[in-house]
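Novice: Pasting a structure here, questions to come.
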Amino acid sequence: MDRADVLSGAAFKAVRLSTLIVVVILITGATVSSALLNRALLSEAEERVRELSHGLIEEDTSEDPEEFVDQISAIVGGAGGATLAYALFGSDGARMAGNTDTRPETDSWVTQNLILEVPGAAEQDYLLHTTQVGDMVLVVGRSLRFIQVARYEMIRGFAIAGFAMVLIMLSIGYFLSRRSQEKLVLIEDVLERVANGDTSVRLNATGTRDQIDRISHKIDMQLERLDALMQGTRRTAASVAHDLRKPLARLTLGLERALSKADAGADVREEIEDALSGTASLTSIIATILRIARIEGGQTGEVTSVDVRSVLDEIVDTFGPVAEDNGQLLLSLIH
């Protein structure tokens, strides 16, 4: 079976269109979900930065800035120094502590790409918030890499799920299209055999009750009718050959006899009249056979009333003596 025929099948085309719609829905869903996730995680990052800022401010003692500096230095030198940005600026604008020189405007939120002053630090985005603490300025930030990782994992999940769904849908579409194509090939083969004269073949629907099976059932019905018509035609031809054999033989014999008399110079009127009578008989026989064939084929034509009693009486009168010669009795039960 040609794979191109399978791929161009209606079932595969429908599934392919459905797959395209699913892909569009997945891309739309991934885009919307990514935006919602980014908003939720960014809000979480802001909340975390607020907590860190408030934690430092609550412990701050303005009379002892050195203690504030020590706290920030301890945080920066700890495990959180690689993901948390801190900076404390004095009233003169100089940095007193921290791992970045970035100083956004006071009470503002800024997303900025930074490389922190810690060993092994990489360039990445940070969410920064600036707070005025007495005559000092505190900058606290958090890395947004976790948002990028979460967004990547979510998109990756969508991609894997989408790929699996597309693969499954296309496989189902190919299977359905292949099964439909097999049925169509069967229909094509059957019709080819019918065209070659074999009217006995049938499709025999599989029973799945799909559109092709319904069409196959209709084709089988038409093939049954065609076969019946062909059988009727064969029977009619055989009947014509059988019924015309003797009249044609008699007609031929009469014409040969007339030809012999004509050669002898005798009058052939009688033979010609007999031949014409035989021709009329042949015409009547042919008309009767054709009428029977039309009736067997379902073409009844114009229906007229017939006196069955007279027909039966004629049959009794004609064949009654034959029945009596055989020791039988032929009676008409219609009175």
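The values are calculated or read from the model by the stated rules, or taken from the named source; none is laboratory data. All values reported here derive from a predicted model rather than from experimental measurement. As a convention, Cβ positions derive from the backbone with ideal geometry for all residues, glycine included, and neighbour counts pool all protein chains shown. Note: areas computed on protein heavy atoms with side chains; ligands, DNA, RNA excluded. Shrake-Rupley method; radii C 1.70, N 1.55, O 1.52, S 1.80 Å.
Novice: Tell me the per residue accessible area of the chain using a 1.4 Å probe; a whole number in Å² is fine.
Specialist: 66 Å²
Novice: Given +1 on the Cβ of Lys and Arg, -1 on the Cβ of Asp and Glu, and no further charges, what dipole in debye does the chain carry about its Cα centre, rounded to the nearest 20?
Specialist: 1860 debye
Novice: Placing +1 at every Lys and Arg Cβ and -1 at every Asp and Glu Cβ, with all other atoms neutral, what dipole size does segment 172-305 have around its Cα centre, in debye to the nearest 20?
Specialist: For segment 172-305, the charge dipole is close to 520 debye.
Novice: Taking H as built 1.01 Å from N, whose amide H comes closer than 5 Å to the amide H of residue 144, not counting residues under 5 places away?
Specialist: Sorted by chain and number, the residues that satisfy this are 125, 126, 127.
Novice: If only Cα atoms are counted, what is the Rg of segment 211-319, and what is its Dmax, in Å?
Specialist: Radius of gyration, then largest Cα-Cα span, for segment 211-319: 21.8, 77 Å.
Novice: Here's a follow-up. If you add up the charges near residue 211, with Lys and Arg at +1 and Asp and Glu at -1, over every other residue whose beta carbon is less than 12 angstrom from its beta carbon, what do you get?
Specialist: Local charge sum for residue 211: +2.
Novice: Which order do the peptides 48-56, 196-204 come out in when sorted by mean C-beta neighbours inside 10 angstrom, highest first?
Specialist: 48-56, 196-204
Novice: Gap in Å between the Cα centre of segment 94-123 and the Cα centre of segment 182-247?
Specialist: The two parts, judged by their Cα centres, are 88 Å apart.
Novice: Report, to the nearest 10°, how far helix 211-264 tilts away from the longest principal axis of the Cα atoms in the chain, using its own Cα long axis and a range of 0 to 90°.
Specialist: Around 20 degrees separate the two axes.
Novice: Report, to the nearest whole %, how much of the accessible area of segment 18-158 belongs to carbon and sulfur atoms, 1.4 Å probe, protein only.
Specialist: 53 percent
Novice: To the nearest 20 debye, what charge dipole does segment 63-169 have about its Cα centre, counting +1 at the Cβ of each Lys and Arg and -1 at the Cβ of each Asp and Glu?
Specialist: Value, rounded to 20: 900 debye.
Novice: Please give the FRET efficiency for residue 109 paired with residue 170, using the beta carbon to beta carbon distance and R0 = 45 Å, rounded to the nearest 0.05.
Specialist: Working from the Cβ atoms, E equals 0.45.
Novice: Please state the relative contact order of the chain as a whole percent: Cα pairs under 8 Å, 6+ residues apart?
Specialist: 14 percent
Novice: Another question about this same structure. Normalising by the residue count of segment 170-274, find the relative contact order in percent from Cα pairs under 8 Å and 6+ residues apart.
Specialist: 15 percent
Novice: Still on this structure, I have one more. Rounded, prolate or oblate, given the Cα gyration tensor of segment 219-260, with a/c below 1.5 counting as rounded?
Specialist: prolate
Novice: Still on this structure, I have one more. Quick one: net charge of residue 33's neighbours, Cβ under 14 Å, K/R +1, D/E -1?
Specialist: Charge balance in the 14 Å sphere: +2.
Novice: Same structure again: Using a 10 angstrom cutoff on alpha carbons, build the Gaussian network for the chain and name the most mobile of 312, 176, 128.
Specialist: 312
Novice: Please report the base-10 log of the normalised intensity I(q)/I(0) for the chain, using a Debye sum with one equal scatterer per alpha carbon and no solvent, at each q in 0.09, 0.16 (1/Å).
Specialist: Summing over Cα pairs of the chain leads to -0.83, -1.27.
Novice: Give me the percent of accessible area attributable to carbon and sulfur for segment 216-301, probe 1.4 angstrom.
Specialist: That share works out to 60 percent.
Novice: Where does the charge balance sit around residue 14 when Lys and Arg score +1, Asp and Glu -1, over other residues with C-beta under 15 Å from its C-beta?
Specialist: +3
Novice: Lysines near residue 261 by alpha-carbon distance under 29 Å, same-chain residues fewer than 8 away left out - which ones?
Specialist: Those lysines meeting the cut-off are 246.
Novice: Moving on to the next point. Which value, in Å to one decimal place, does the Kirkwood hydrodynamic radius take for segment 61-197 when every pair of different Cα atoms is included?
Specialist: After inverting the pairwise mean of 1/r, the radius is 19.9 Å.
Novice: Also, quick follow-up: Among the lysines, which fall within straight-line cross-link reach of residue 13, defined as a Cα-Cα distance under 27 Å, with same-chain neighbours fewer than 8 residues apart omitted?
Specialist: Straight-distance partners of residue 13: 183, 218.
Novice: On to the next question. Along segment 269-278, what does the Karplus equation 6.51 cos²θ - 1.76 cosθ + 1.60 (θ = phi - 60°) give for ³J(HN,Hα), rounded to whole Hz, x for Gly and Pro?
Specialist: Going residue by residue, I get 4, 4, 5, 5, 5, 4, 5, 5, 4, x Hz, with x marking Gly and Pro.
Novice: With unit charges on the beta carbon (Lys/Arg positive, Asp/Glu negative), name the residue among 109, 215, 168 whose Cα is farthest towards the positive pole of the charge dipole of the chain.
Specialist: 215
Novice: Which distance in nm do the two modelled labels at residue 184 and residue 32 give, with both placed 7 Å along the Cα-to-Cβ direction?
Specialist: The two pseudo-label positions are separated by 3.7 nm.
Novice: Let me ask something else about it. Sequence-distant or interchain residues sharing an amide H contact under 5 Å with residue 97, placed H: which?
Specialist: Answer set, sorted by chain and number: 88.
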